[in-house]
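Input: a single structure, listed below in structure tokens.
The values are calculated or read from the model by the stated rules, or taken from the named source; none is laboratory data. Remember, predicted model here, so these are calculated numbers, not experimental data. Don't worry about glycine lacking a Cβ; one is built from the backbone with ideal geometry, like all the others, and counts go over all protein chains shown. Side chains included, ligands, DNA and RNA excluded: accessible areas come from the protein's heavy atoms. Shrake-Rupley method; radii C 1.70, N 1.55, O 1.52, S 1.80 Å.
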Amino acid sequence: QVQLVESGGGLVQPGGSLRLSCAASGSIRSIAIMRWYRQAPGKERELVAFIGSGSSTNYPDSVKGRFTISRDSAKKTIFLQMNSLKPEDTAVYLCNADIDTYVLGVRNYWGRGTQVTVSS
């Protein structure tokens, strides 16, 4: 069975940095695309970044110039480097992926999420 596991969240001061990781595991033939979303209480889920095979994303204005997505294909892992963090970046950050599995074919999967809190 396929799993996505996020890590790297925590409490950080405004202006600080965090690096999130999302590792995929299980019966995986290939990964078409992986994404980072975030969701704060009472707010819509927001697509933060995505990366496919050799492609990246146009980041939304809310994170542009501060966040960077990257991929380690051999390890089936993506990262989200977050710099110059602001209190409004506080949210649960969720990993999402379109994965081609050996048994079920292409399916979409979600991780559980990791909490990022930016506060003094």
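Key figures for this structure:
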quantity: The stretch 17-35, residues that are more than 13 Å from VAL106 (Cβ to Cβ) and in a strand (DSSP E or B); calculated: LEU18, ARG19, LEU20, SER21, CYS22, ALA23, ALA24, SER25, MET34, ARG35
quantity: Qualifying residue in the stretch 35-47 (condition: closer than 15 Å to THR101 by Cβ, out of contact with any Asp or Glu (no Cβ under 7 Å at 6 or more places or on another chain) and modelled with pLDDT under 95); calculated: no
quantity: From ILE51, ILE69, residue being under 19 Å from SER17 (Cα atoms) and not polar (S, T, N, Q); calculated: ILE69
quantity: Any hit, the stretch 85-94, residues being surrounded by 15 or more Cβ atoms within 10 Å (Cβ to Cβ), assigned to a strand (DSSP E or B) and without any contact (Cβ under 8 Å) to a residue 40 or more places away in the chain; calculated: no
quantity: Some residue of the stretch 57-69 being of a type in the set (Asp, Glu), without any contact (Cβ under 8 Å) to a residue 60 or more places away in the chain and open to solvent by less than 60 Å² (accessible area, probe 1.4 Å); calculated: no
quantity: Answer residue from the stretch 95-120, given it is open to solvent by 70 Å² or more (accessible area, probe 1.4 Å) and among the aromatic types (Phe, Trp, Tyr) and is nearest to GLN1 (Cα to Cα) among those; calculated: TYR102
quantity: Flag if ASP72 is touching a Phe, Trp or Tyr at 6+ places or on another chain (Cβ under 9 Å), surrounded by fewer than 12 Cβ atoms within 10 Å (Cβ to Cβ) and among the charged types (D, E, K, R); calculated: yes
quantity: Checklist (1) open to solvent by 90 Å² or more (accessible area, probe 1.4 Å); (2) closer than 19 Å to VAL12 by Cβ applied to LEU80, failing item; calculated: (1)
